[in-house]
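Some notes on the structure that comes next.
The values are calculated or read from the model by the stated rules, or taken from the named source; none is laboratory data. Predicted, not measured: the structure shown is a model, and the values here were computed from it. Every residue, glycine among them, receives a Cβ derived from its backbone with ideal geometry; neighbour counts consider all protein chains shown. Ligands, DNA and RNA are excluded from the accessible area calculation, which covers all protein heavy atoms including side chains. Shrake-Rupley method; radii C 1.70, N 1.55, O 1.52, S 1.80 Å.
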Amino acid sequence: MSFLVFEGLDGSGKSSLMVALEQELQNKNISFYRTREPGGTPLGDEIRNMILRKEGPAPVSRAELLLYEASRAQHVEQIIRPKLASGVWVLCDRFTASSVAFQGGGRDISESDVVSLNNFATGNLKPDLTILLDLSVEESRRRRQGRGAQNGEEEDRIESEADSFHEKVRLSFLKQAKADSKGWLVLNAQEPPQVLFQQLVQALHERKIL
Ligand code: TYD
């Protein structure tokens, strides 16, 4: 079994790529479990709501980081480790790299502090592969606004940050991927969904994950 994480700016197409991979795993009779952060457990879903809603008290940066980590600790212990132990693949929409990118890169918390809190929350559990769907900030904004206009959803607290924030987030994702090329796969999110899926499957074969 494998633990795969999908990362990228909002609107980068994580969900569609995850759905395509789920279909492939189903065809191969591989059991998988799809989950997300923040969230993935009842407590995590409550924390998600606290962090992302725009009404209500806004956490300061360090409190925000700790809330993401609290959700993560619960998620790893109650869901991710047990699933992996029972031989099920786990596909997770965002994980530790998002805290490094959004709270470290975006909110300027020291990266080493974020990494130690990540390690504490996860008990050092690392994904087998983190897939980054890299997208420009302009395109991410365009897609988010298109999505909002279509389904009437408002931007959440993180999405409504300035472009300069999202620029730092993007650079942090790219920096993390560059520092660990074995553990990361970077895909150009501007490519059509089918091409992205083929590139993902090819990379999973090359790395003997699939
Ligand atoms: P996501 O579920 O991708 O958003 P949506 O459902 O709106 O597409 O992620 C929720 C937001 O939380 C996203 O803007 C990124 C942010 N986030 C962090 O800032 N730090 C973290 O550690 C995680 C996991 C997410």
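Of the helices (runs of 4 or more DSSP H) lying entirely inside region 85-201, those containing at least 3 residues that are charged (D, E, K, R) span 137-151, 163-179.
Which one of the conditions (1) open to solvent by 60 Å² or more (accessible area, probe 1.4 Å); (2) under 17 Å from the mean Cα position of the chain (by Cα); (3) over 24 Å from Ser15 (Cα atoms) does Asp128 fail to meet, given that it meets all the rest? The failed condition is (3).
Report whether or not Leu67 is within 12 Å of the ligand (Cβ to nearest atom), part of a helix (DSSP H, G or I) and among the aliphatic types (A, V, I, L, M). Yes; evaluated as a whole, the condition is true for this residue. Looking across region 44-66, the residues that are open to solvent by 40 Å² or more (accessible area, probe 1.4 Å), under 17 Å from the mean Cα position of the chain (by Cα) and of a type outside the set (S, T, N, Q) come down to Asp45, Arg48, Leu66.
For region 23-40: of the residues being open to solvent by 90 Å² or more (accessible area, probe 1.4 Å) and more than 12 Å from the ligand (Cβ to nearest atom), which is nearest to Gly87 (Cα to Cα)? The qualifying residue nearest to Gly87 (Cα to Cα) is Asn29. Number of residues in region 16-43 that are closer than 23 Å to Leu171 by Cβ and either over 12 Å from the mean Cα position of the chain (by Cα) or touching a residue at least 60 places away in the same chain (Cβ under 8 Å) (or both) equals 2. Looking at region 134-147 only, could you name the residues that are open to solvent by less than 20 Å² (accessible area, probe 1.4 Å) and within 11 Å of the ligand (Cβ to nearest atom)? Result: Ser140, Arg144. Applying the condition of being of a type in the set (D, E, K, R) and within 7 Å of the ligand (Cβ to nearest atom) to region 89-113 and asking which residue is surrounded by the fewest Cβ atoms within 10 Å (Cβ to Cβ) yields Asp93.
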